[in-house]
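Colleague: One structure coming up, written as structure tokens, with questions to follow.
Each value in this text was obtained by applying a stated rule to the coordinates, not by laboratory testing. Since this is a predicted model, take the numbers as computed values, not measurements. Heads up, the Cβs are rebuilt from the backbone with ideal geometry, glycines too, and the neighbour counts pull from every protein chain shown.
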Amino acid sequence: MKKISVVVPVYNEQDNLHEFYKRITAVMIATDYDYNLIFVDDGSKDGSALILNQLVEKDTHVEAYLLSRNYGHQMALTCGLDNADGDAVITMDGDLQHPPELLPKLISLWEHGSEIVMTKRLATEDAGFLKNITSSVYYKLINILSKVEITPGGSDFRLMDKKTVEAFRLYRERARFIRGMVSTLGFNVSVVEFVAPPRFAGHSKFNLHKMLHFALDGITAFSNLPLRWAFYLGLFFGLCSLLLLGHVFYVKFISDDAVPGWATTTVSVLFLGGIQLVGIGILGEYIGRIFEEIKHRPLYLVSKHLKK
Ligand code: UDP
Ligand code: MG
């Protein structure tokens, strides 16, 4: 019998876990597959770990990895993908924004030959105007910047065949934008659309800072274009300053109104200084990321593996 692994990152989801477990179990039992539910507790500070412990005790389908601290959604997912042993692995959020009832559809596409089944959020019922706008602008930007195609509204709700999971495990970079990484894998991909319902309980763990960091990871990990822009910008302003030099010579040798002109000087110095700082900032961003990668630290540490 084929086995399906369901990987669920969990961070402070104590009010969602029972309901999630109930709904996912109902769905999985109705299919004729063996399955396991692999929860990855990402350093929760509420009762999540305790609840996971109870679930592991009462149901042999459940296992849990408790990470040593909070590593973020993408690392928690990575831990789950590293340890999932199913013939297909499904990753989904534990807050019921990824409806368990969609699983049979993903599985049937897999049975019909898809090696990766992505999902695409058509809308999130409770997402604010701002999140929708920034998200759509961001996906436009990242698709212009990078060569891999990343589906707008992509989410980390997807099914991966065992061999694509094995391929994914070879990618050990720290700056993880998993939906982009999966897009670079290739394989036979299909897409299922869904509307994400509001969270069952609690609130989103992503604040502006985390979102921004995640967004930057996505861009710098998939594109060197910002570096090239800095170069072109430098080139452009280099040329401009040549023109300005021409003007300076003109004022000095041909016309008579020298000296006044501190304004042009100040403006151009400030402006060029600004451009240089932008260039250095972009360089710094990439160098910082090289530094992070080169340390080769483990991506996450597991403090406990709960399994019966
Ligand atoms: N999550 C996690 N670590 C974190 C933040 C979130 O494992 O540092 C989990 C969280 O428990 C949930 C999933 O990742 O199962 C998605 O998080 P959330 O619902 O907050 O994100 P959103 O749906 O708002 O994008
Ligand atoms: Mg959510």
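Colleague: Testing the spin-label approximation: label points 7 Å from Cα along Cα→Cβ at His296 and Ser255. State their distance in nm.
Modeller: 6.2
Colleague: State, to one decimal in nm, how far the label point of Leu225 lies from the label point of Ser190, with both points 7 Å from Cα in the Cβ direction.
Modeller: So the label points at Leu225 and Ser190 sit 3.1 nm apart.
Colleague: Which peptide among 130-142, 5-17 comes first, and what is the full order, when sorted by highest mean count of other Cβ atoms within 10 Å? Show your work: numbers first, answer last.
Modeller: Values: 130-142: 14.0, 5-17: 23.8.
Averaged packing, sorted descending, gives the order 5-17, 130-142.
Colleague: If eta is 1.567 mPa s and T is 4 °C, what Stokes-Einstein diffusion coefficient results for the chain, Kirkwood Rh from Cα pairs, in µm²/s? Working shown, then result.
Modeller: Values: Rh = 22.0 Å.
The diffusion coefficient I find is 59 µm²/s.
Colleague: Further, regarding this structure: For the chain, what relative contact order do you get, as a whole percent, if you take Cα pairs closer than 8 Å and at least 6 residues apart?
Modeller: Relative contact order here is 23 percent.
Colleague: Which one of Gly154, Phe214, Pro226 is farthest out on the positive end of the charge dipole of the range 149-231, using unit charges on Cβ (Lys, Arg +1; Asp, Glu -1) and the Cα centre as origin?
Modeller: Phe214
Colleague: Going by average Cβ density within 10 Å per residue, which order do the peptides 18-29, 185-196 take, highest to lowest?
Modeller: Per-residue mean Cβ counts within 10 Å order the peptides as 18-29, 185-196.
Colleague: Students often get this wrong, so check it: of Lys105/Lys162; Lys2/Lys45; Lys163/Lys304; Lys2/Lys58, which have C-alpha atoms separated by over 25 Å?
Modeller: Lys2/Lys45; Lys163/Lys304
Colleague: Right, next: Taking +1 at the Cβ of each Lys and Arg and -1 at the Cβ of each Asp and Glu, which of Val27, Val182, Leu106 sits farthest along the dipole of the chain towards its positive end, judged by Cα position relative to the Cα centre?
Modeller: It is Val182.
Colleague: Of the listed peptides 33-43, 265-275, what is their order by residue-averaged count of other C-beta atoms within 10 Å, with the highest listed first?
Modeller: 33-43, 265-275
Colleague: Rounded to the nearest 0.05, what FRET efficiency is calculated for Lys131 and Leu50 with R0 set to 41 Å and r the Cβ-Cβ distance?
Modeller: After rounding to 0.05, the efficiency reads 0.85.
Colleague: Report the residues of the range 161-199 in range of a label on Thr31: point 7 Å along Cα→C-beta, backbone N strictly under 13 Å from it.
Modeller: Label zone hits: 161-162.
Colleague: I would also like to ask the following. State log₁₀ I(q)/I(0) for the range 216-308 at q = 0.18, 0.19, 0.21, 0.23 Å⁻¹ as given by the Debye formula over alpha-carbon point scatterers of equal weight, solvent excluded.
Modeller: Here the Debye-derived log intensity ratios amount to -0.91, -0.96, -1.06, -1.15.
Colleague: Same structure again: Binning every alpha carbon pair distance of the range 177-268 at 10 Å from zero, what are the percents per bin?
Modeller: 11, 20, 21, 15, 13, 12, 7, 1
Colleague: If you don't mind, there's one more thing I want to ask. What share of the DSSP beta bridges in the chain is antiparallel, in percent to the nearest 5?
Modeller: Roughly 30 percent of the DSSP beta bridges within the chain come out antiparallel.
Colleague: Same structure again: So what are the radius of gyration and Dmax for the Cα set of the range 16-101, in Å?
Modeller: My reading of the Cα-based Rg and Dmax gives 12.4, 36 Å.
Colleague: Looking at Ser136, Leu17, Val165, which one has the Cα that reaches farthest to the positive end of the dipole of the chain (charges on Cβ: Lys, Arg +1; Asp, Glu -1)?
Modeller: The one lying farthest along the dipole's positive direction is Val165.
Colleague: Using a cut-off of 15 Å between beta-carbons, work out the net charge of the residues near Gly279 (Lys and Arg +1, Asp and Glu -1, Gly279 not included).
Modeller: My count for the surroundings of Gly279 gives 0.
Colleague: Sticking with this one: If contacts are Cα pairs under 8 angstrom and at least 6 residues apart, what is the relative contact order of the range 1-110 in percent?
Modeller: The normalised contact order for the range 1-110 reaches 41 percent.
Colleague: Taking square-rooted eigenvalues a ≥ b ≥ c of the alpha carbon gyration tensor, is the range 1-160 rounded, prolate or oblate, where a/c under 1.5 means rounded and, failing that, a/b exceeding b/c means prolate? List each step's numbers first, then the result.
Modeller: Numbers: a/c = 1.78, a/b = 1.28, b/c = 1.39.
Judged from the Cα gyration tensor, the range 1-160 comes out oblate (a/c at least 1.5, b/c at or above a/b).
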